[in-house]
Amino acid sequence: MQIEIENLKCGGCERSILNGVGTIPGVSGVSVDREQNTVHVVADAALRSAVVDKLRAMGYPEKGSVSGLTAGLVNAKSFVSCAMGRMA
């Protein structure tokens, strides 16, 4: 499956996404395309909502899925995830 996301900034973000989404049971592969702002996940389509929820919780919501104050809070989460990815 391919999910277009928001707030993808750098390699730290990418590492956080790879590590976070990779922990979901049933996910057998994850890759990130920073140029296209997409996450590619090898998993059963039934896991799509779990993947989208995990990405949102990390600060990388599916494109167009959040707005207003929620978007601001999710954006702040992405800075934390990015920093954690840079330290890993």
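A few points about this structure:
- Within region 31-52, the residues that satisfy the criterion of being farther than 11 Å from I5 by Cα, exposed (fewer than 14 other Cβ atoms within 10 Å of the Cβ) and out of contact with any strand residue (DSSP E or B) (no Cβ under 8 Å at 6 or more places or on another chain) are E35, D44, A45, A46, S49.
- For region 53-67, a residue qualifies if it is under 8 Å from the mean Cα position of the chain (by Cα) and surrounded by fewer than 17 Cβ atoms within 10 Å (Cβ to Cβ), but none of them does.
- Top-ranked residue of region 53-88 - restricted to ones that are of a type in the set (K, R) and out of contact with any Gly (no Cβ under 8 Å at 6 or more places or on another chain), ranked as nearest to E4 (Cα to Cα): K63
The numbers here are math on the coordinates, done by the rules we state, and not lab data. Everything numeric here is computed off the predicted structure, so don't read it as measured data. FYI the Cβ positions are ideal-geometry reconstructions off the backbone, even for glycines, and counts take in every protein chain you see.
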